[in-house]
Amino acid sequence: MRYTIVLALLGLGLLAVPGSRSATAAFGVGALQANTSIDRIGTQAISLTGPQPWVTILCKFQDVPDEPHDLAYFQGLFANVYPGLDHYWREVSYDTISLAGSSVVGWYTLPNPKSYYVYDRNGDGIAEHNNDRTATDCTAAADAAIDFTDFYGINLIFNANMNATAIGGSLNRALTLDGKTDFWPMTWVPLSYISQGVIAHEMGHGFRLGDIYVKDLQSASGWGLMGAPCYYGSQRDPLYRCVGLHLNAASKHLLGWIPDELMSIVPVGGTAVITLEQLALPQTNNDLMVRIPINGSDERYYTVEVRHKTGYDNAPIIPGPAVLIHETTILSFSDGRQVPIVELIPVSGTAEPGGAGAMWKPGMTFVDPINRITVAVQTETSSGFVIQVVNSGSSYSVYLPAIYR
Ligand SMILES: [Zn+2]
């Protein structure tokens, strides 16, 4: 199961980024400079701070009378009490954002039967969800009750399955609600997808995050909200079902939730020994992440983080403390938009690349032989790990004739 972003607006698709981890050429790292070098000036793509109120609209198809959960159920789902989504986003963002001001309304009856919204749109004999129709009618149904300009985003909850997964992102057209014309952050959640984890994941798309896959594989990462929030070993709640884990460090930094002071950058030519703190509920002021620019690029870099079984990371998918490594590639479009693609890097040849196989433990070293970057996990601390990073930069120039240098 894959939770698809509504991509028409973002225009990115679930892109496979060309692999860079060739198993061929192997260069040593002996030529690196001996200097220890850490740079702390990062770039934050978005600064998402303060209350981010979402309105959640419960909509019934005209010909489906069921009200599968009452209003109190959804108010609990968005509350500042575990595993409520306000509580969740506060912990994950280090109290940088909240969902304060959010509201749940409904159930409203849509003006059309389900077959108007879910039908065969392309002649393949299979019904597809028309999310433009559901967005138009479900927001209209609630319009008299709410002022949309009070909200950052809109969750649409439906009382039946729709031959579709939950989705999140934005319509590919601007929608005018209460006089505000916007590509509203929006989620569409069919009945069987109602859970804390799935709704948090789709809201993550509303915060402009993409899905997280394992590098060079089609499987989703089990280690974070924007991977597979439910079908790996997530926490389970009797009422709200699967519960999301933390976001990875690269995504948190892109949203402005990890300040530059808590991120080390190891530039080309640098080598550094860094004590990393656990990403969830940190206990010290040690760095929460390391960024390693690939050949000095601001658009392509590795990030290193520590995950422990605590808070929303106390999930079965996390067998124990581990270092994780992700690779981020920022895709730039001609209209100026930039979309980060973040991928989880498993241990080579591992059996469970999206789960236990992504754990880097003491004694293990990640090697990118092409770009001559190594990350060695040295020792474990009470709430983190000590790692050594070496960033030597590509050795291609070594093989170029002098005239081309
Ligand atoms: Zn998704």
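Please treat every number below as a calculation from the coordinates, not as lab data. Not measured: the values here are computed from a predicted model. A quick note on method: Cβ atoms are made from the backbone with ideal geometry, for glycine too, and the neighbour counts reach across all protein chains shown.
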*Expressed as a whole number of Å, what is the distance separating the alpha-carbon centroids of region 313-370 and region 166-188?*
31
*Tell me, what ³J(HN,Hα) does each residue in region 170-183 have, in order and in whole Hz, if you take phi through Karplus 6.51 cos²θ - 1.76 cosθ + 1.60 with θ = phi - 60° and put x for Gly and Pro?*
6, 5, 8, 8, 6, 10, 9, 10, 6, x, 9, 9, 7, 7
*Could you name the lysines in cross-link range of LYS114, using Cα to Cα under 25 Å and dropping any fewer than eight places away on the same chain?*
LYS60
*Report the relative contact order of the chain, percent, no decimals, based on alpha-carbon pairs under 8 angstrom and at least 6 residues apart.*
17
*Taking the Cα centre of the chain as the origin and placing charges on Cβ (Lys, Arg +1; Asp, Glu -1), which of ILE194, ALA127, GLN278 is farthest toward the positive end of the dipole?*
GLN278
*So who's got an amide H within less than 5 Å of the one on MET226, skipping anything under 5 residues away but keeping other chains? H placed 1.01 Å off N, in plane.*
ASN248
*asked:* Given the options LEU288, SER394, THR379, identify the residue whose Cα lies farthest towards the positive end of the charge dipole of the chain (+1 on Cβ of Lys, Arg; -1 on Cβ of Asp, Glu).
replied: SER394
*Rounded to the nearest 0.05, what FRET efficiency do ASP66 and GLN218 give with R0 = 45 Å and r taken as the Cβ-Cβ distance? Could you check?*
0.80
_Residue among ILE97, ALA142, VAL81 farthest towards the positive dipole end of region 50-207, charges placed on Cβ_ = ILE97
_region 148-154 - phi-based ³J(HN,Hα) in whole Hz, Karplus 6.51/-1.76/1.60, Gly and Pro as x_ = 4, 5, 7, 10, 6, x, 10
*asked:* Using the crude model of +1 on Lys and Arg Cβ and -1 on Asp and Glu Cβ, and no other charge, please compute the dipole size for the chain relative to its Cα centre, in debye to 20.
replied: 940
_Students often forget the sequence filter, so: which aspartates and glutamates lie under 12 Å Cα-Cα from LYS215 once same-chain residues fewer than 8 apart are removed?_
GLU327, GLU343
*Which lysines have a Cα lying under 18 Å from the Cα of LYS361, excluding residues fewer than 8 positions away in the same chain?*
LYS309
*In deg cm²/dmol and to the nearest 500, what is the mean residue ellipticity at 222 nm of the chain if only DSSP H runs of at least 4 residues count, each as -39500 (n - 2.57), divided by the residue total?*
-3500 deg cm²/dmol
